[in-house]
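J.: One structure is given below, represented as structure tokens, and several questions about it will come after.
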Amino acid sequence: MSRISFGLLVAITLMGVGCGYSHNYMNGNGMPKITQLVPSTAMANSGAFVLTVNGSGFGTDSLVYWGTATRTTTYVSTSKVTANITDADIMNPGTVQVYVHSGGANSNSVPFTIQ
């Protein structure tokens, strides 16, 4: 392998390490973590609402997952994001796992109870 090819290979590899992750890891926000859902419960068929997710390590690329599907997410700060929960999301009683994907990583999941 020529020196130029080897140098190019090393440069691309090193650039990939820095470019493969969201700014969360680069700006010190760390891994996303949920500490609280507000509200944490809702009555079945009670209508759409905005879910506030409190925690840490959230970036501007944050996506709130309601079970296995994303919901429209608004970044508020590194410790707060909100998600639009629809009427259909709370039609039936049960428990839904909520987590945040940000910076290439998933947070812990927190149960949301539909009564």
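J.: Answer yes if at least one residue in region 58-67 is in a loop (DSSP other than H, G, I, E, B) and touching a helix residue (DSSP H, G or I) at 6+ places or on another chain (Cβ under 6 Å), and no otherwise.
T.: yes
J.: Has region 33-51 got at least one residue that is at pLDDT 95 or above, under 12 Å from the mean Cα position of the chain (by Cα) and of a type outside the set (Val, Ile, Thr)?
T.: yes
J.: Something else about it: Taking the residues in region 48-72 that are of a type in the set (Ser, Thr, Tyr) and surrounded by fewer than 21 Cβ atoms within 10 Å (Cβ to Cβ) as candidates, determine which candidate is nearest to His101 (Cα to Cα).
T.: For region 48-72, the residue satisfying everything is Tyr65.
J.: Which residues, counting only those in region 90-104, are without any contact (Cβ under 8 Å) to a residue 24 or more places away in the chain and of a type outside the set (Gly, Ala, Ser)?
T.: Across region 90-104, the qualifying residue is only Thr95.
J.: Moving to a separate point now. Please go through region 90-115 and give me each residue that is part of a loop (DSSP other than H, G, I, E, B) and surrounded by 13 or more Cβ atoms within 10 Å (Cβ to Cβ), ordered by number.
T.: Gly103, Gly104, Ser107, Asn108, Ser109 - these are the residues of region 90-115 that are part of a loop (DSSP other than H, G, I, E, B) and surrounded by 13 or more Cβ atoms within 10 Å (Cβ to Cβ).
J.: Let me ask something else about it. Out of (1) part of a loop (DSSP other than H, G, I, E, B); (2) at pLDDT below 95; (3) surrounded by 12 or more Cβ atoms within 10 Å (Cβ to Cβ), what's the single condition that is false for Asn24?
T.: (1)
The values are calculated or read from the model by the stated rules, or taken from the named source; none is laboratory data. The structure displayed is predicted, hence computed values, not measured ones. Neighbour counts run over all protein chains shown; Cβ positions are idealised from the backbone, glycine included.
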